[in-house]
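Only one structure is covered here, and it is reproduced in the block below.
The values are calculated or read from the model by the stated rules, or taken from the named source; none is laboratory data. Everything numeric here is computed off the predicted structure, so don't read it as measured data. With ideal geometry, Cβ positions are generated from the backbone for all residues, glycine too; neighbour counts draw on all protein chains shown.
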Amino acid sequence: MTLIAFELSGETPEIPTAEIVGALESENIDFLVKYQLEQVLVIETSSIDAVLVGELASRLAMTRHIIKVSGISYANLTDIISMAERMDISKTNSFTYNVRAKKIKRKSPISSEDIERGIGKVLYDRGYKADLVKPDIQYRAILTDNKCIFGPVMASTDSSAFERRKPHKKPFFYPGVLMPKLALALVNIARTKEGSVFLDPYCGTGGIMVEAGLIGASTLGCDVQRKILMGAKMNLDFYSVDYSLMFQDAGGMALRDDCVDCIVTDPPYGRSAFIQAQSLEKLMKNSLCEMYRVLRPGGRLVMVSERPVETWAENAGFRLGDMFTQRVHRSLTRRITVLDK
Ligand SMILES: C[S@@+](CC[C@H](N)C(=O)[O-])C[C@H]1O[C@@H](n2cnc3c(N)ncnc32)[C@H](O)[C@@H]1O
């Protein structure tokens, strides 16, 4: 059994963990959550190899580093150093190292430099050489919730990719779009994987479809504004993802029963949203029934909304899963509801 730690970005407390769980489940990986700490999730597994870790790092939005845990200690210098001394590391000829310490929310009174120097000395005394520029092994010590999680970095994520995919940098922009980082996290929570059939029935400019397409799903999208659909086409072509777009109402889709694996959607809400329906309530009720119909048994819907959708979703047949809230601004809190068929 191996312990793997995921160092999480800190913008929301629960979504990064749910994202990892969704991504692991989508790949049918057996695992057990060992510790759920502030900005760190530690799992125990025997079925992850370096290739899979690389793949996870390329698709997780809210993880920064994936670390193979060599030791866990209390977050004081004496315990951290004695953990490093007990650490089982196999020596190879070309082993150079660097140690980086990260204090989550700067809570610990020990300085990062003291930790880096202390662990570095243990490694040096064992015959390894430091290389601050291009080390063979990058070690990370993360101090969180009075614990220190320590080990070599197996893979890191590329957060600059999200900067490049920001909505206003895409060929077609229209306001009211989810940020790509959140969109990808939701796509992972929906257990999307390579080869999945993915649907966004309120696709707008295709932002969520782009994220699902980039991890290898075949994506389908519907919208009722022709101009926006043409914009979605431009965006999806730009990222060369697999897609089909339909000019149709989310409350009545020309799709057969049980034909999609996962759905992530961001229906209209807020004062300026374009809504084609008698009322938003009617549209939500009808489209939840439609999403339930087209989703395969075992499939998952992740829905963003302003109002609670639980009762409508249960009436449509869904089982309720997690629910997250995210404050967007003073008058808007986003709800993210996970629904299973
Ligand atoms: C919040 S936007 C979705 C934004 C989208 N996630 C994106 O990346 O651009 C909601 C979309 O729902 C569409 N819409 C409104 N009524 C609809 C209906 N009855 N059926 C399908 N789409 C509808 C609007 O045209 C709008 O593009």
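Laid out as a table, the results:
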| read-out | value |
| --- | --- |
| Among residues of segment 154-177, those that are crowded, with 17+ Cβ neighbours inside 10 Å and either touching a strand residue (DSSP E or B) at 6+ places or on another chain (Cβ under 7 Å) or assigned to a helix (DSSP H, G or I) (or both), counted | 5 |
| Subset of segment 178-199 (residues that are without any contact (Cβ under 8 Å) to a residue 60 or more places away in the chain and of a type in the set (A, V, I, L, M, F, W, C)) | Met179 |
| Those residues of segment 40-67 which are more than 24 Å from Thr192 (Cβ to Cβ) and buried (at least 17 other Cβ atoms within 10 Å of the Cβ), in sequence order | Val40, Val42, Ile67 |
| Asp257 being within 8 Å of the ligand (Cβ to nearest atom) and of a type in the set (Asp, Glu) | no |
| Single condition Val42 does not satisfy, out of (1) modelled with pLDDT of 95 or more; (2) not in a strand (DSSP E or B) | (2) |
| Segment 4-36, residues that are buried (at least 19 other Cβ atoms within 10 Å of the Cβ), assigned to a strand (DSSP E or B) and in contact (Cβ under 8 Å) with a residue 60 or more places away in the chain | Ile4, Ala5, Phe6, Glu7 |
| Lone qualifier among Gly207, Gly216 - being within 21 Å of Ala161 (Cβ to Cβ), crowded, with 21+ Cβ neighbours inside 10 Å, assigned by TED's automatic domain parsing to the domain that holds Leu301 and within 21 Å of the chain's Cα centre (by Cα) | Gly207 |
| Options Arg307, Arg293, Arg334: the member that is within 16 Å of the ligand (Cβ to nearest atom), part of a loop (DSSP other than H, G, I, E, B) and charged (D, E, K, R) | Arg307 |
| Enumeration of residues in segment 265-284 that are at pLDDT 85 or above, more than 10 Å from the ligand (Cβ to nearest atom) and farther than 12 Å from Arg307 by Cα | Ser279 |
| Selection from segment 243-286 of residues that are closer than 14 Å to Val197 by Cβ and buried (at least 16 other Cβ atoms within 10 Å of the Cβ) | Tyr243, Met246, Met253, Leu255, Val260, Asp261, Cys262, Ile263, Val264 |
| Residue match in segment 288-297 (condition: under 21 Å from Lys193 (Cβ atoms), surrounded by 17 or more Cβ atoms within 10 Å (Cβ to Cβ), charged (D, E, K, R) and assigned by TED's automatic domain parsing to the domain that holds Lys169) | no |
| Condition check for Ile48: under 22 Å from Val264 (Cα atoms) and either touching a residue at least 12 places away in the same chain (Cβ under 8 Å) or in contact with a His (Cβ under 9 Å, 6 or more places away or on another chain) (or both) | no |
| Some residue of segment 222-233 being under 29 Å from Leu60 (Cβ atoms), more than 8 Å from the ligand (Cβ to nearest atom), in contact with a Lys or Arg (Cβ under 8 Å, 6 or more places away or on another chain) and not in a loop (DSSP other than H, G, I, E, B) | no |
| Per-region count, segment 106-125, residues assigned to a loop (DSSP other than H, G, I, E, B) and either within 14 Å of Met83 (Cβ to Cβ) or in contact with a helix residue (DSSP H, G or I) (Cβ under 8 Å, 6 or more places away or on another chain) (or both) | 1 |
